[in-house]
């Protein structure tokens, strides 16, 4: 098997040695193992367990855990480049891996840029080391259930899931829908509103990021899972009924997530690498198919037709445009971005999610009837790619809304 070329050439994109090493590792795993398994996970709507074993053996489960804690210490861009290579071969693996990695990205690199007093930061580092040890030594998988069916995931209201402070920890009650890795993760990193006897009101400022053991009493998974795409994410509904978690459960101290959402908005772009990889995969398949290089489709070359050449040219242009703005936005991830950087982040989010599907659509039209068959990956890539624009907190519709207002209004401006 001929090795696939990197999505982002090291010289052309000025990749660091670490970025080259990690993306190469991900690409080799994807091409040699993940690609062949993807259709089965999709058909059965089951979690890619074998892929996670491979990720653990390749030391990729701790990619964003700080080096001082035994991880790779990858920064935001390095993680994103690596995840894109995984998404190229199995979108569901890349998307769920994102949710696992965010448990260490948010509690690690991102939290270093946020304000905490010395005591709070010391306790945070003590708590996160517990989670990191589980990941690195026990192979623990962390999920990140976000949605509740209301406006909380979009940052418009407090989370309805509550963590009430009790002696020695919290009692958690609530529900998360579209909870990826439901039934497969060892810990669910949930965002909830912390309450106390003295302050029972729900507030966004008191958002708490807690790791709840999947085996804890009161945790249940319910409902079917048979979606159009990203079927291997197994995003069923999670219920929490009087679930007790101890004092070392936080992945972030109370209130720090609220600060992160305001000051580190690029944290909400971590879903995009999966779709950047899908866009690349749809283009790659189309080129190989038209060159007669796809096994099982016959040695017939179809590249000589002008209509096919024009379609591939359109796909290449769209792919290059998407990669360029995506890379730029991911490389700018930082606390307190400028207005221009934030507008570019929303633009990149929208462009990646929409163009991945557009490229997959063009690929199906260009490759013709055989592309509809489940024996080939294009129809799965198309279905998976359609899901990206729907994902909170930055759906395609919300990105357009934020962009339009952001372009026309300065902070605090009104028409009154």
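The values are calculated or read from the model by the stated rules, or taken from the named source; none is laboratory data. Note that the structure is a prediction, hence the values are computed from the model and not measured. Here Cβ is always computed from backbone atoms with ideal geometry, including for glycine, and neighbour counts include all displayed protein chains.
Condition first: touching a helix residue (DSSP H, G or I) at 6+ places or on another chain (Cβ under 7 Å), part of a helix (DSSP H, G or I) and over 19 Å from residue 285 (Cβ atoms). Can you find one or more residues in the stretch 352-366 that meet it?
yes
In the stretch 201-220, is there at least one residue being part of a helix (DSSP H, G or I) and over 30 Å from residue 339 (Cβ atoms)?
No, the stretch 201-220 contains no residue that is part of a helix (DSSP H, G or I) and over 30 Å from residue 339 (Cβ atoms).
Table: residues versus (1) surrounded by fewer than 17 Cβ atoms within 10 Å (Cβ to Cβ); (2) farther than 23 Å from residue 109 by Cα.
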residue	(1), (2)
4	no, yes
9	yes, yes
14	yes, no
17	yes, no
22	no, no
28	yes, yes
48	no, yes
67	yes, no
70	yes, no
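Please count how many residues of the stretch 393-416 are more than 28 Å from residue 274 (Cα to Cα), in contact with a helix residue (DSSP H, G or I) (Cβ under 9 Å, 6 or more places away or on another chain) and surrounded by 11 or more Cβ atoms within 10 Å (Cβ to Cβ).
So the answer is 0.
Taking the options 82, 96, name whichever one is closer than 26 Å to residue 229 by Cβ and either touching a strand residue (DSSP E or B) at 6+ places or on another chain (Cβ under 9 Å) or modelled with pLDDT under 95 (or both).
The unique qualifying residue is 96.
Within the stretch 129-146, how many residues are out of contact with any strand residue (DSSP E or B) (no Cβ under 7 Å at 6 or more places or on another chain) and either at pLDDT below 95 or assigned to a loop (DSSP other than H, G, I, E, B) (or both)?
Selection size over the stretch 129-146: 2.
Is it fair to say residue 294 is under 25 Å from residue 383 (Cβ atoms), out of contact with any strand residue (DSSP E or B) (no Cβ under 8 Å at 6 or more places or on another chain) and outside any strand (DSSP E or B)?
Against the criterion (under 25 Å from residue 383 (Cβ atoms), out of contact with any strand residue (DSSP E or B) (no Cβ under 8 Å at 6 or more places or on another chain) and outside any strand (DSSP E or B)), residue 294 qualifies.
From 381, 390, 376, 362, which residue is under 24 Å from the mean Cα position of the chain (by Cα), surrounded by 12 or more Cβ atoms within 10 Å (Cβ to Cβ) and either assigned by TED's automatic domain parsing to the domain that holds residue 93 or in contact (Cβ under 8 Å) with a residue 40 or more places away in the chain (or both)?
381
Quick grid of which residues meet (1) on the phi > 0 side of the Ramachandran plot; (2) in contact with a strand residue (DSSP E or B) (Cβ under 7 Å, 6 or more places away or on another chain); (3) buried (at least 24 other Cβ atoms within 10 Å of the Cβ):
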| position | (1), (2), (3) |
| --- | --- |
| 180 | no, yes, yes |
| 195 | no, yes, no |
| 207 | no, yes, yes |
| 216 | no, yes, no |
| 222 | no, yes, no |
| 248 | no, no, no |
| 252 | no, yes, yes |
| 267 | no, no, no |
| 273 | no, no, yes |
